[in-house]
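Asks: Okay, here's the structure, questions in a sec.
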Amino acid sequence: MINVKKTLHVGMIGSGFMGKCHANAFRAFGGLFDSPISIELYKIADINDELAAQSARTLGFEHSTSDWKALVDDPLVDIVSIAAPNALHEEIALRAIDRGKTVYCEKPLSVSTESARKMMLAVEAAGVANLVGFNFLRNPLIAVCRDMIASGKLGEIISFKGRHAENYMLNESLPHSFRTDPAGGGAVADIGSHIVSMARYLLGGISEVTARSRTIHRSRPVTLGSAELAPVEVDDLAHAILQFDSGVVGSIDVNWMSTGRSMDLSFEVTGTRGAVSFSQERMNELHIWEAGKSAGYGGFKKIETGPDHPPYGNFCPAAGHHLGFNDLKVIEVSELIDTVLTGKSNFTDFREGYRVQCAIDAILRSTKSGHWEKVAGD
Ligand SMILES: NC(=O)c1ccc[n+]([C@@H]2O[C@H](COP(=O)([O-])OP(=O)(O)OC[C@H]3O[C@@H](n4cnc5c(N)ncnc54)[C@H](O)[C@@H]3O)[C@@H](O)[C@H]2O)c1
């Protein structure tokens, strides 16, 4: 008997960094995960016909268009994958939800609390499967951290120290882009959403924040190579103190011009009987300190990722061979397909995307008011 799988057709908008990453993940999913669903890369949209057609050829889509609305409206599209600039997320997602499609949206969910709330309410009213691309949470070692915290292995949690430091905006001749657009731009909104989602995943809700930020490059070229400069109105870096619902006090710093740091999404969680420490720059290692070691045998011990940490074994049967950044996106696609199959929400659904946005908005409000700000959220 031939075992026929149901095929879901992907329509993707945006073919830059994340578009390539989504396409790779959708392509790889079928070969790595045993699923009743098979994925077809059906149609891709970008800003003009030429770029869309070129991207379709290189990324393996059958069709291309410069009209993302037509892509969303295409009855053959089952999953709308949003890998476009932040300011477009709301309009694309609302249209896709209205057409009953599964929506897979890159982080941050949107550019403000109100916008993210509108998207969350629409997706919940329509009951369509949805997921936000907080891919760093898909690392199997992050699940180990979460289990250690939740099971009490670390004792009472007393501190969270998180960081997201990269250097991709260090060069002052880099022009303005959606990343410096006051609507949803800045280091806090861009990479801050990753470390806030990590903090919430590990330690739960955040009720109040206080923060300070700075803009280091106060102007940038309007376009690449242009001599005309325009002021930068968003932050380059920020430090924030977080009050968690649980009573834990923590801190995060975000910095997109962090000299020498290419991908330091890192954290240390401290408990009364142990601690865990992680950095995305060494994403296959977790460092654990446990109380009770004999004298002379103290210090952090290194845990190495392997088949004991599912779904690592889907990628490789041997420990120490390492997962990579793109593999996190493949795991994320497998979780998206799970939500489609089971109808159950993923942790990073649109509601979580909204709550992360509430924390981001409170941090940004505090950088202006200079006071503690309450984090909204319902
Ligand atoms: N999850 C992660 O780790 C991660 C990493 C980087 C970026 N992101 C997010 O992914 C999204 C895209 O970022 P990126 O780094 O890929 O940006 P990018 O600039 O590399 O790519 C954006 C793409 O969208 C296209 N685009 C712009 N306007 C469009 C329109 N009107 N119609 C169709 N296509 C359009 C651009 O031409 C480009 O191909 C952003 O929301 C960003 O925050 C997430």
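No lab work stands behind these numbers, since they all come straight from the coordinates. Bear in mind that the values here come from a model prediction, so they are computed numbers and not experimental data. Counting neighbours? That spans all protein chains shown, and the Cβs are built from the backbone with ideal geometry, glycine included.
Asks: Just to be sure I understand the filter: pairs with C-beta atoms under 6 Å, separated by 6 or more residues or on different chains, first member in the stretch 195-213 and closer than 18 Å to Val144 by Cβ, second member basic (Lys, Arg). Which pairs pass?
Replies: Leu202/Arg146
Asks: Just the residues that are more than 8 Å from Ser15 (Cβ to Cβ), within 9 Å of the ligand (Cβ to nearest atom) and not in a strand (DSSP E or B), please, taken from the stretch 45-68.
Replies: Ile47, Asn48, Ser66, Asp67, Trp68
Asks: Give me the pairs, please: first residue somewhere in the stretch 13-41 and farther than 12 Å from Ile337 by Cβ, second residue anywhere and away from the ligand (no atom under 16 Å from the Cβ) and assigned to a helix (DSSP H, G or I), beta-carbon distance under 7 Å, and either six or more positions apart or on two chains.
Replies: Within 7 Å, the pairs are Leu41/Arg27.
Asks: Return yes when Ala189 is among the aliphatic types (A, V, I, L, M) and away from the ligand (no atom under 16 Å from the Cβ) and no when it is not.
Replies: For Ala189, the condition - among the aliphatic types (A, V, I, L, M) and away from the ligand (no atom under 16 Å from the Cβ) - is not met.
Asks: Looking at Thr180, Thr223, can you tell me which residue is in a loop (DSSP other than H, G, I, E, B) and farther than 30 Å from Asn139 by Cα?
Replies: Thr223
Asks: What number of residues within the stretch 42-73 satisfy the criterion of being surrounded by 18 or more Cβ atoms within 10 Å (Cβ to Cβ), over 21 Å from Val330 (Cβ atoms) and either of a type in the set (Ser, Thr, Tyr) or touching a residue at least 60 places away in the same chain (Cβ under 8 Å) (or both)?
Replies: Final tally of qualifying residues: 4.
Asks: Quick one: would you say Ala87 is touching a Phe, Trp or Tyr at 6+ places or on another chain (Cβ under 9 Å) and not acidic (Asp, Glu)?
Replies: yes
Asks: Oh, and also: Residues Leu170, Leu109: which one is part of a loop (DSSP other than H, G, I, E, B) and within 11 Å of the ligand (Cβ to nearest atom)?
Replies: Exactly one residue qualifies, and that residue is Leu109.
Asks: Just the residues that are in a loop (DSSP other than H, G, I, E, B) and farther than 23 Å from Ser366 by Cβ, please, taken from the stretch 252-283.
Replies: Thr259, Gly260, Arg261, Ser262, Met263, Thr272, Arg273, Met283
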